[in-house]
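Heads up, the thing below is written out as structure tokens.
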């Protein structure tokens, strides 16, 4: 009877413990991306864990009570962010460049992403996108088309929009020698306030962990008593067998 009861009690204990486990929010991301997500969640009162997996990839886990809030935050801040682009990576030494125009387009695309990444390093900037004009005609007509740039900015908190726009225009102008200041446009938007969950009820209730702990202790004590009685019974049986009739 006792042997049949113990596995059932142990199974119930496991179910209680698993009910309070974290859930996987994102997986197969780099450590940089995981750190960005952890920082954002902790700023919004959500505890998160970074788990290292195989082949150098990471995952982030949160309490399943905060899962929907966490997903909304990631969507709001466009996380996980794209990996940083290195211009040299656009031209591997063993690649075959089809046309000069194709090579130039790949270079411009890499410059766009690098500028966007640089701008996003500014305080309070959550999203930045840079778009440069592409040469759609041959090299002979390129000099007739002045280059231009457009920048999309999304920011949080309070900033001086005019000051940011001026600084970003100067950054673009100094990064591209052939572009004119008046050919740079910046569109800027303020992001709405993100959710900041604070209700403890959304997380796993503390009584669940208390009950799980009590069950764990009870099972350990029960199992110890069971082993003690088994050994005592075996020892008593041996003593009985050893006595002369």
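Counting only helices (runs of 4 or more DSSP H) that sit wholly inside segment 1-108, those with at least 3 residues that are modelled with pLDDT under 90 and over 30 Å from residue 156 (Cβ atoms) are 2-19.
Consider segment 175-221 and keep the residues that are surrounded by 12 or more Cβ atoms within 10 Å (Cβ to Cβ), out of contact with any helix residue (DSSP H, G or I) (no Cβ under 7 Å at 6 or more places or on another chain) and part of a helix (DSSP H, G or I). The one that is modelled with the highest pLDDT is 183.
The values are calculated or read from the model by the stated rules, or taken from the named source; none is laboratory data. Predicted model only: the values in this text are computed from it and were never measured. Methodologically, a virtual Cβ is constructed for each residue, glycine included, from the backbone with ideal geometry; neighbour enumeration extends over all protein chains shown.
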